[in-house]
1. Counting only heavy atoms of protein chains, what accessible area per residue, in Å², does the range 163-252 have with a probe of 1.4 Å?
2. With an 8 Å cut-off on Cα pairs and a minimum separation of 6 or more residues, tell me the relative contact order of the range 44-295 in percent.
3. For the pair LYS134 and GLU202, what calculated FRET efficiency results from E = 1/(1 + (r/R0)^6), where r is the Cβ-Cβ distance and R0 = 22 Å, to the nearest 0.05?
4. Calculate, in nm to one decimal, what SER282 and ARG195 gain on full extension: separation in residues at 0.36 nm each, minus their alpha carbon distance.
5. Along its three principal axes, how long is the range 131-219 when you only count alpha carbons? Whole Å, largest extent first please.
6. Here are some pairs, LYS134/LYS243; LYS127/LYS155; LYS221/LYS249; LYS155/LYS249; LYS92/LYS134; which of them have Cα atoms lying more than 28 Å apart in this structure?
7. Send over the per residue convex hull volume for the range 44-295, Cα only, as a whole number of Å³.
8. Beyond 17 Å, what share of the Cα-Cα pairs of the range 75-171 remains, rounded to the nearest whole percent?
Amino acid sequence: MLSESSSFMKGVLLGGIFCVVVTLLGHVKIGHGTRAHHHEHHHIQAPNKEEVLNLSEDEQLELSQSIRVYCIVLVKPKDIGHWAAVKETWSKHCDKAEFYSSEDVKVFNAVVLNTNDMWTMMRKAYKITYERYKDEFNWFFLAYPTTFAIIENLKYFLLKKDPAQPFYIGHTMKSGDLEYVDGEGGIVLSIESLRRLSHVFEDSDKCPEQGGMIWKLSEDKQLAVCLKYTGVIAENAEDSEGKDVFNTKSVNALIKEAMASRPEQVVDGCCSDMAITFNGLSPNHMHVMMYGVYRLRPYGHTYSDALVFLPPAGSDND
């Protein structure tokens, strides 16, 4: 009897573990069905210059003023050097930028989230953002403190995209059957995607606050799982020539890779002229990037950009 009872309990235990694993796999593979071997993300491109030049001056002005980007930067006390660099550099070009911190840090203003878990931080930041700013901004850009962003290029990319549509944009990656936007390159949500996300947050079965039960997905993967339940899939952002514009590496790393693989075309093989983000920068490198992007100008060279994206009035931008 004892042996039979022991075998029965083992069977129950193994059966329970099997059910949990199947449930988890269901979270990761949702929405694929018979399409499991085909990627679902779209390749969406920035407008080409001719499209913009053909717009009337009134249309150009209306478009440039209609794109309002709210920037979310997730930080922890250990990031204080990067935090200061982001605050002093690219974040000043957002229409509004706020830092969401795991805990209170006296030297900087931040929205305090009181958690060290990255998925919980991201989830709370999005929830607060939607509650406070759903009627004020139409695009929401989330970045880590090691990311450098050129917000004007982001606005140009979004120029003819409709924020009332469920856009979820960045540098797409694949993990098993799950396609997601890599957080290291930055994540962009339209107001419609953020609205859908805020609703699915209320369903703990589809979008659990603590993530996986046995193994834990990274926050960017967990975000993709939650968004897929709302019909929002990852969109890979590219320029008009098909080059990625959200980069998960630094300019230095990308140039080294280009030199090794395409020495005859290092510049063209490295990065898009309309790049939006780079990642893995030190605080000093962020200031160097700021100089190169916003201050350095070759004498006598004129720019024929049809649009001008100005930071908000009163902001201390470069």
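The values are calculated or read from the model by the stated rules, or taken from the named source; none is laboratory data. These numbers come from a predicted model, not from an experiment. When we count neighbours, we look across all protein chains shown, and the Cβ atoms used for this are built from the backbone with ideal geometry, even at glycine. What goes into the accessible areas is simple: the full protein's heavy atoms, side chains included, and nothing from ligands, DNA or RNA. Shrake-Rupley method; radii C 1.70, N 1.55, O 1.52, S 1.80 Å.
1. Here the per-residue accessible area is 38 Å².
2. Contact order relative to length: 23 percent.
3. For GLU202 and LYS134, the calculated efficiency is 0.90.
4. Between SER282 and ARG195, full extension yields 27.9 nm more.
5. Its Cα atoms span 42, 27, 25 Å along the three principal axes.
6. LYS134/LYS243
7. Output value, Cα hull per residue: 143 Å³.
8. The proportion of pairs with Cα distances above 17 Å equals 55 percent.
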